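A.B. asks: So that we are looking at the same thing, I have put the structure below in structure tokens.
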Amino acid sequence: MDQLLKVEDLQVSFKTYGGEVQAVRNVSFDVKRGEAIAIVGESGSGKSVTVQSIMGLIPIPPGKIQNGKVLFENQDLLAISKKEMQKIRGSKIGMVFQDPMTSLNPTMKIGKQIAEGLIRHQKLSKQEAKKKAIELLTMVGIPNADKRYDQYPHEFSGGMRQRVGIAIALACNPQLLIADEPTTALDVTIQAQILDLMRDLQRTMNTAIILITHDLGVVAEMAQRVVVMYGGMVVETGSVYDIFDRPKHPYTWGLLESIPNLDSETKERLVPIEGSPPDLFSPSKGCPFAPRCPYAMEVCVENMPGEYKIADNHIARCWLNDERAPKKTKQLVVAGRD
Ligand code: SF4
């Protein structure tokens with residue numbers, strides 16, 4: 001698989017009344033064509049700001065891209081004009097939001113909202129755009145699509161609105177689909193249907209996906225690779241097997257232990273990660289997870305851990321992986337994985 005997107009050393013901050021928030025710190029990762037990656041972390045970990053920076057959706061000011069590159073097909077999206085970025089959004093990169101109502105216009109018929117993008121980006125005639133919009137609605141599983149075409153968003157259920165959001169994002173055959181917590185607002189059954197739909201689309205259309213989620217259960221269903229973020233930084237990255245079967249960062253261990261195991265007969269308890277997310281106004285010079293980490297050592301408080309290569313494509317930013325550190329591992333049994 002060749003590379004589609006490469007984020008290099010991204011740093012993003014926000015000016016607030018309380019000072020400058022270091023929201024994203026030296027984040028690097030890549031996405032290959034047709035691959036699904038998940039970015040996971042609690043709220044405030046920097047995952048949404050990272051993808052908003054990729055999409056050029058950071059309000060500047062108060063936001064500021066301090067450093068970095070976002071190379072999409074080798075073009076730096078941080079260096080192009082707003083107009084060029086607008087062209088890429090909705091044609092080469094589509095986005096699905098947590099609440100589809102934020103992306104849908106409540107006063108405009110659903111079909112027209114899909115057709116608009118097709119007319120603008122693909123230069124289709126009105127008639128062609130209507131035909132394609134009905135095809136898209138059918139493809140994302142909306143029954144009676146020709147009738148639903150003329151309905152307004154409030155006439156759709158939450159799950160159906162999210163399907164429409166996906167249809168809009170897919171209208172121009174994007175090479176990359178960014179989905180920011182796409183199923184958080186939906187009940188479990190609808191959530192499974194939306195994830196199935198996205199997985200099918202990834203396979204049939206070879207669309208790469210960046211899935212943003214705080215839910216590792218969703219990651220197990222969807223992603224081939226995982227980027228774990230904490231305190232605005234990438235703390236571990238690896239294949240979905242690396243992250244679920246041999247995680248090497250205490251924060252990842254905590255996330256895995258906090259997945260409820262609904263299948264378990266013993267009703268295993270959900271273990272929350274104690275403590276609060278780090279202060280991003282004045283981040284500590286050491287490991288950002290140190291105040292919450294049950295394995296923290298003296299070195300962790302004063303010194304930022306480097307990136308330790310565990311295996312090909314598996315990296316963890318934790319001192320425990322240093323050869324001088326005491327050996328600590330976790331044997332985890334995680335819901336949703338064999
Ligand atoms: Fe915990 Fe230290 Fe590893 Fe940070 S570097 S996660 S504080 S053990």
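The values are calculated or read from the model by the stated rules, or taken from the named source; none is laboratory data. A quick note: this is a predicted structure, and the numbers were derived from the prediction, not measured. Cβ placement follows ideal geometry from the backbone for every residue including glycine, while neighbour counts extend to all protein chains displayed. These area figures cover heavy atoms from the full protein model, side chains too; ligands, DNA and RNA do not enter into them. Shrake-Rupley method; radii C 1.70, N 1.55, O 1.52, S 1.80 Å.
A.B. asks: Hey, how many Å between the Cα centroid of segment 126-170 and the Cα centroid of segment 202-259?
C.D. replies: So the two Cα centres are separated by 30 Å.
A.B. asks: Next question, about the same structure. Which residue, S45, G165, A208, has the largest displacement toward the positive end of the dipole of the chain when charges sit on each Cβ (Lys, Arg +1; Asp, Glu -1)?
C.D. replies: Checked the options; the winner is G165.
A.B. asks: I'd like to know which of P283, L195, I88 lies farthest towards the positive end of the charge dipole of the chain, counting +1 on Cβ of Lys and Arg and -1 on Cβ of Asp and Glu.
C.D. replies: Value: I88.
A.B. asks: Of all accessible surface on segment 35-134 at a 1.4 Å probe, what whole percent is carbon and sulfur? Don't skip to the answer; put the middle values down first.
C.D. replies: On the way: 2700 of 5170 Å².
Within segment 35-134, the accessible surface is 52 percent carbon and sulfur.
A.B. asks: Hey, what did the chain get for relative contact order, percent, Cα under 8 Å, at least 6 apart?
C.D. replies: Numbers: 652 pairs, mean separation 66.6, N = 338.
After rounding, I find 20 percent.
A.B. asks: Could I ask something else about it? Show me the ranking of peptides 40-50, 247-257 by mean Cβ neighbours inside 10 Å, starting with the highest. Don't jump to the answer; show the numbers that get you there.
C.D. replies: On the way: 40-50: 22.3, 247-257: 23.9.
Result, highest mean first: 247-257, 40-50.
A.B. asks: At 4 °C and 1.567 mPa s, what whole-number value in µm²/s does Stokes-Einstein give for the translational diffusion of segment 204-247, with Rh from the Kirkwood sum over Cα pairs? Provide the component values of the computation, followed by the final result.
C.D. replies: Numbers: Rh = 11.3 Å.
Here the translational diffusion coefficient equals 115 µm²/s.
A.B. asks: Taking only protein heavy atoms and a 1.4 Å probe, what accessible area per residue, in Å², does the chain have with all protein chains in place? If you can, show how the numbers build up before the last one.
C.D. replies: On the way: 16820 Å² over 338 residues.
For the chain, the per-residue accessible area is 50 Å².
A.B. asks: Can you list the residues, at least 5 places off or on another chain, whose amide H is less than 5 Å from the amide H of M233, using H built in the peptide plane?
C.D. replies: Here the answer is R25, since their amide H atoms fall under 5 Å of that of M233.
A.B. asks: Counting Lys and Arg as +1 and Asp and Glu as -1, each charge on the Cβ, what is the dipole of segment 3-223 about the Cα centre in debye, to the nearest 20? Kindly include the intermediate steps, with their values, before the conclusion.
C.D. replies: Values: 27 positive and 23 negative charges, 188 e Å.
My answer is approximately 900 debye.
A.B. asks: Which parts of segment 157-201 would a label at Q224 reach, counting a residue when its backbone N lies under 19 Å from a point 7 Å out along Cα-to-Cβ?
C.D. replies: Hits in segment 157-201 for Q224 at 19 Å: 174-179, 195-201.
A.B. asks: Once you order the gyration tensor axes a ≥ b ≥ c over the Cα atoms, which shape class does segment 180-253 get: rounded for a/c under 1.5, otherwise prolate or oblate by comparing a/b with b/c? Walk me through the numbers before you get to the answer.
C.D. replies: Details: a/c = 2.01, a/b = 1.57, b/c = 1.28.
Judged from the Cα gyration tensor, segment 180-253 comes out prolate (a/c at least 1.5, a/b above b/c).
A.B. asks: Hey, what do the phi angles of segment 293-309 turn into as Karplus ³J(HN,Hα) couplings, whole Hz, using 6.51/-1.76/1.60 and θ = phi - 60°, x for Gly and Pro?
C.D. replies: Each residue's phi maps through the Karplus curve to give 8, x, 10, 4, 10, 4, 4, 5, 6, 9, 10, 5, x, x, 8, 9, 7 Hz.
A.B. asks: Compute the FRET efficiency between E73 and E298 as 1/(1 + (r/R0)^6), taking r as their Cβ-Cβ distance and R0 = 45 Å, and round to the nearest 0.05. Display every interim value, and only then the final one.
C.D. replies: On the way: r = 46 Å, r/R0 = 1.01.
Using R0 = 45 Å, I get an efficiency of 0.50.
A.B. asks: Out of every Cα-Cα pair in segment 67-110, what percent are more than 17 Å apart?
C.D. replies: Values: 465 of 946 pairs.
For segment 67-110, the fraction of Cα-Cα distances above 17 Å is 49 percent.
A.B. asks: Modelled label-to-label distance, S258 and K64, 7 Å Cα→beta-carbon offset: nm?
C.D. replies: Result: 3.1 nm between the two label points.
A.B. asks: Let me ask something additional. Which one of L118, P62, V24 is farthest out on the positive end of the charge dipole of segment 1-123, using unit charges on Cβ (Lys, Arg +1; Asp, Glu -1) and the Cα centre as origin?
C.D. replies: The residue sitting most towards the positive pole is L118.
A.B. asks: I want to verify the translational diffusion coefficient of segment 3-223 in µm²/s; compute it with Stokes-Einstein, Rh as the Kirkwood radius over Cα pairs, at 37 °C and 0.692 mPa s.
C.D. replies: Numbers: Rh = 18.0 Å.
Using the Kirkwood radius from Cα pairs, D works out to 183 µm²/s.
A.B. asks: Whole-Hz Karplus ³J(HN,Hα) for segment 223-231, in order, using 6.51 cos²θ - 1.76 cosθ + 1.60 and θ = phi - 60°, x for Gly and Pro?
C.D. replies: Per residue, the Karplus-derived 3J(HN,Hα) values read 9, 8, 10, 10, 10, 9, 10, 8, x Hz.
A.B. asks: Same structure, new question: Within a Cβ distance under 12 Å of G56, other residues only, what is the Lys/Arg minus Asp/Glu net charge?
C.D. replies: Details: positive: K82, K83, K87, R89; negative: D76, E84.
Result for the local shell: +2.
A.B. asks: Sticking with this structure for a sec: Report, largest value first, the span of the C-alpha coordinates of segment 84-176 along each principal axis, in whole Å.
C.D. replies: Sorted from largest, the Cα extents of segment 84-176 read 34, 30, 23 Å.
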